[in-house]
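Heads up: the structure comes next, in structure tokens.
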Amino acid sequence: MPADASITKTWEKFVSGGELVPAGVRSQVAGSWQRCLQSRVNPDNGCCDHILGSDQLQDLREEHRGLINIARPFMTYLYEFFKGSGYIVVLCDEHGYVLDIFGDKDTLRKAARDLNFIPGASWTELSVGTNAIGTGLVLKRPLRVDGSEHYCRKHHAWTCSAAPIFDPAGRLIGVLDLSGPSTQIHPHTLGMVVAASEAIREQMLTRQKNRELALANQRLVSIIETMSDGVVAFDEHGVITQLNPVAEQIMGKRSRELVGSSVRSIFGNQKWFIDQLLDRHEACHDLEVMVETSKGLVHCRASASPVLDDQGVLSSGLILLRPIERVQKLVNRFSGSQAAFRFEDIIGNSQEIQETVRLASMAAATNCNVLLQGESGTGKELFAQAIHNCSSRRKGPFVAVNCGAIPGELLASELFGYEEGAFTGAKRGGRPGKFELASGGTLFLDEIGDMPREQQVALLRVLQEKKVTRLGGGKAIPVDVRIICATNKDLLEEVEQGNFRDDLYYRVNVITINIPPLRQRAEDIPLLFKYFLERTSRELGVEPKPVDPEVIDCLQRYYWPGNVRQLENVVERIVSIAGDGSIDLAYLPEEIRNYSRSPA
């Protein structure tokens with residue numbers, strides 16, 4: 001018995017009684033028949049009843065416009081190969097809806113008349129039974145279905161070969177199909193459809209890469225055009241090819257006036273670093289150069305980098321220019337600590353903390369020096385930042401220095417800066433001090449009670465004269481700085497003991513603000529605990545756990561020598577080790593539990 005007759009006989013037994021004799025029937029086909037039987041597909045039909053309306057089809061085609069445009073040339077190629085043999089070429093979306101179909105006219109008319117095989121038709125197994133398109137979608141692999149391998153009788157006169165189309169990311173986005181009379185079965189139809197499907201994917205990948213390259217180029221141009229530095233681009237011969245708007249501003253000329261000229265010409269006798277880049281492909285960073293412009297010589301910081309191709313051959317170069325004056329402004333703006341906190345960030349409803357906030361707010365409205373006194377961990381820098389952010393200097397820099405963390409011999413260079421060669425190890429070109437960097441804003445001197453007496457003299461002089469002289473230098477540099485000091489010591493007692501100068505004490509102690517320890521505002525502990533619990537849980541990516549009331553009671557009875565900072569650390573420890581249940585006394589450190597049971 002011929003193979004096709006054997007399959008027909010097997011099909012007849014299956015659709016008549018559900019009996020499947022697997023001999024001679026491929027497993028993919030047998031599996032599809034069983035799915036069709038379970039879905040109650042009519043084996044005597046095969047004509048599609050699920051067809052999109054014209055508006056729905058138009059929307060679907062528009063949604064897949066890119067796929068259609070790329071697939072159309074390959075579909076045309078397939079059709080030209082099989083033209084005149086009764087074949088049609090079909091493109092479906094990932095759900096089996098026909099997007100595009102063309103081929104021999106007689107075959108198209110027969111497909112439309114007998115099967116409703118037209119644009120918008122749903123060619124899934126559920127709609128029309130076993131077929132290369134619908135079954136290929138289920139299997140997500142290429143498939144050919146011939147004659148009576150189709151589940152529906154009306155398809156037995158057809159052969160179809162289909163291959164899924166995947167986008168560059170591996171997502172199934174469509175199916176390409178070649179269908180024709182079962183009397184015209186060609187041994188290479190499936191291979192050609194698979195090749196066309198792969199070609200479509202490669203074309204999509206090429207277009208995606210081209211889009212990415214175009215986008216990357218557009219981004220690069222946008223970055224260069226919007227950079228705050230001047231950018232000068234030149235070719236492998238040192239000829240200027242492009243300038244961004246900032247470079248035009250520095251040079252005082254338009255691009256068209258400079259493009260085509262030598263990049264060496266704008267650096268005069270300092271062109272050595274250009275020669276170094278062009279001849280040896282060596283980059284340089286943060287050089288101080290004088291740039292010849294239409295406005296005269298401009299003092300700039302310059303960095304230059306070569307651009308090499310994949311063979312290591314120089315193709316172009318870039319120079320970044322930034323006027324020294326602008327560098328100093330940026331340093332003044334971004335150096336040191338940034339004042340992030342405001343008065344509304346200070347947590348607490350107690351009378352003690354509210355009074356402290358009121359006094360600090362009044363101090364912020366003035367330009368007076370402020371002395372913040374309080375134990376370690378009470379939040380002195382938080383208040384300093386809040387005062388700065390509420391003052392008229394809030395747009396200026398906020399620079400913090402911990403006077404107790406810097407060795408005495410280095411504190412002077414940190415505060416007042418130094419010139420090149422001032423001492424062994426001094427950086428080339430010198431370095432500005434914190435007073436210069438804080439000019440126009442606020443300088444926060446933390447732990448000022450630990451400042452050595454010899455540096456207290458220099459600090460007093462700067463505060464009196466409002467000028468600073470770098471170590472090793474002779475030039476007095478004007479500075480406009482508001483001073484906020486902080487200490488956990490009793491400065492007046494330090495003065496009496498001879499550890500702190502009385503004249504400096506009265507200079508920094510214009511407005512004194514005492515920050516209460518946590519034990520004096522125990523009513524704020526529940527608020528602080530809740531805030532730290534929610535923040536730490538959020539940072540660790542866990543849900544805040546419920547808290548037993550006795551935990552809060554225990555915390556409120558504790559002495560808190562480390563104040564708010566200690567409470568914050570305790571909460572972080574609790575969140576890190578907490579299980580799934582509520583937070584109880586067992587999670588508290590032993591010294592807190594013991595202290596709460598027998599307070600001193």
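The values are calculated or read from the model by the stated rules, or taken from the named source; none is laboratory data. Source: prediction; values computed, not measured. FYI the Cβ positions are ideal-geometry reconstructions off the backbone, even for glycines, and counts take in every protein chain you see. Note: areas computed on protein heavy atoms with side chains; ligands, DNA, RNA excluded. Shrake-Rupley method; radii C 1.70, N 1.55, O 1.52, S 1.80 Å.
Observations
- Number of the exception - ILE353 against (1) at pLDDT 90 or above; (2) open to solvent by 30 Å² or more (accessible area, probe 1.4 Å); (3) farther than 19 Å from ALA400 by Cβ; (4) aliphatic (A, V, I, L, M): (2)
- One residue alone among GLU80, GLU62, GLU94 is surrounded by fewer than 20 Cβ atoms within 10 Å (Cβ to Cβ) and either touching a residue at least 40 places away in the same chain (Cβ under 8 Å) or of a type in the set (Gly, Ala, Ser) (or both), and that residue is GLU94.
- Some residue of segment 106-118 being crowded, with 24+ Cβ neighbours inside 10 Å and not in a helix (DSSP H, G or I): yes
- Restricting segment 493-519 to residues that are in a helix (DSSP H, G or I) and farther than 30 Å from VAL462 by Cβ, the residue that is farthest from the chain's Cα centre (by Cα): ARG519
- Restricting attention to segment 520-557, the residues being under 37 Å from the mean Cα position of the chain (by Cα) and under 21 Å from ASN594 (Cα atoms) number 4.
- Any pair with Cβ under 8 angstrom, 6 or more apart, that starts in segment 544-557 at a residue that is under 15 Å from ALA578 (Cβ atoms) and among the charged types (D, E, K, R) and ends at one that is open to solvent by less than 60 Å² (accessible area, probe 1.4 Å) and outside any helix (DSSP H, G or I): LYS545/ALA578; LYS545/GLY581; LYS545/SER582; LYS545/ILE583; ASP548/SER582; ASP548/ILE583; ASP548/ASP584
- Selection count where residues are out of contact with any Leu (no Cβ under 7 Å at 6 or more places or on another chain) and either closer than 19 Å to GLY136 by Cβ or open to solvent by less than 20 Å² (accessible area, probe 1.4 Å) (or both), scope segment 42-59: 1
- Scanning segment 439-469 for residues that are within 41 Å of the chain's Cα centre (by Cα) and more than 20 Å from ARG393 (Cα to Cα) yields GLU447, ILE448.
Condition check ((1) in contact with a Cys (Cβ under 7 Å, 6 or more places away or on another chain); (2) modelled with pLDDT under 90; (3) of a type outside the set (A, V, I, L, M, F, W, C)) across all residues:
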| residue | (1), (2), (3) |
| --- | --- |
| GLU325 | no, yes, yes |
| SER337 | no, yes, yes |
| PHE343 | yes, no, no |
| VAL357 | no, no, no |
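- When the criteria are applied in full, GLY498 meets the requirement of being open to solvent by less than 60 Å² (accessible area, probe 1.4 Å) and at positive phi.
- Against the test of being in contact with a strand residue (DSSP E or B) (Cβ under 8 Å, 6 or more places away or on another chain), open to solvent by 20 Å² or more (accessible area, probe 1.4 Å), under 30 Å from LEU172 (Cα atoms) and not charged (D, E, K, R), the options VAL239, VAL259, VAL194 yield a single qualifying residue, VAL194.
- Segment 135-159, residues that are in a strand (DSSP E or B), open to solvent by 10 Å² or more (accessible area, probe 1.4 Å) and touching an Asp or Glu at 6+ places or on another chain (Cβ under 9 Å): ASP146, TRP158
- Whenever a residue of segment 210-228 is open to solvent by 90 Å² or more (accessible area, probe 1.4 Å), its partners that are not in a helix (DSSP H, G or I), lying with C-beta atoms within less than 9 angstrom and at least six residues away or across chains, give the pairs THR226/ASN244.
- Residues that are in a loop (DSSP other than H, G, I, E, B) and surrounded by fewer than 16 Cβ atoms within 10 Å (Cβ to Cβ) are absent from segment 3-17 altogether.
- Filtered residue count, segment 231-271, keeping only those that are touching an Asp or Glu at 6+ places or on another chain (Cβ under 8 Å) and part of a strand (DSSP E or B): 1
- Pairs with Cβ under 7 Å, 6+ apart, first in segment 573-600 and at pLDDT 85 or above and of a type outside the set (S, T, N, Q), second assigned to a loop (DSSP other than H, G, I, E, B) and open to solvent by less than 30 Å² (accessible area, probe 1.4 Å): TYR587/ALA578; ILE592/TYR558
- Residues (open to solvent by 40 Å² or more (accessible area, probe 1.4 Å), hydrophobic (A, V, I, L, M, F, W, C) and out of contact with any Lys or Arg (no Cβ under 8 Å at 6 or more places or on another chain)) located in segment 446-485: LEU471
- In segment 274-296, residue nearest to GLU236 (Cα to Cα) [restricted to those that are open to solvent by 80 Å² or more (accessible area, probe 1.4 Å) and free of Cβ contacts under 8 Å to residues at least 12 places away in the same chain]: ASP279
- With respect to the conditions (1) surrounded by 21 or more Cβ atoms within 10 Å (Cβ to Cβ); (2) at pLDDT below 90, PRO432 lacks only one, and its number is (1).
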